[in-house]
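To keep things clear, I will list the structure first and then write my remarks on it.
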Amino acid sequence: MALEVHLVTPEREVWSGAAQMVIAHGVEGEVGILAGHAPLLIRLAEGSLRIQVADGAWDSAVVGGGFLHVTSIGEATRVDVLASQARMASEADAESRTSPPA
């Protein structure tokens, strides 16, 4: 089974690709999504979004609220994270290394 993930904001697509698992912080608590998950729509709280990519490594983002939508058709499961704001942790790390001290 495949899990396809898309993290988008009104401005851009922040991340997309194949994953093994997604863990999101909803307003009512954390939720974990695996391939084959039942359809779901939750409201996201401000917080972290963790994505276990196909090779087993973890990537993370910070989202500023929004929605997480899961659809499963046959063997394919798609997770759409529609965030008001989002930034990958790797982007924040790169920005902090290139920004002069305040």
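The values are calculated or read from the model by the stated rules, or taken from the named source; none is laboratory data. Not measured: the values here are computed from a predicted model. Counting neighbours? That spans all protein chains shown, and the Cβs are built from the backbone with ideal geometry, glycine included.
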> In this structure, does Val62 turn out to be in contact with a strand residue (DSSP E or B) (Cβ under 7 Å, 6 or more places away or on another chain) and either without any contact (Cβ under 8 Å) to a residue 60 or more places away in the chain or at positive phi (or both)?
Replying inline: yes
> Of the conditions (1) at pLDDT below 95; (2) touching a strand residue (DSSP E or B) at 6+ places or on another chain (Cβ under 8 Å); (3) at negative phi, Pro100 fails just one. Which one is it?
Replying inline: (2)
> Which numbered condition trips up Ala45, out of (1) of a type in the set (Gly, Ala, Ser); (2) at pLDDT below 95; (3) in contact with a His (Cβ under 9 Å, 6 or more places away or on another chain)?
Replying inline: (2)
> Scanning region 29-58 for residues that are buried (at least 17 other Cβ atoms within 10 Å of the Cβ) and under 12 Å from the mean Cα position of the chain (by Cα), which turns out farthest from Gly17 (Cα to Cα)?
Replying inline: Leu44
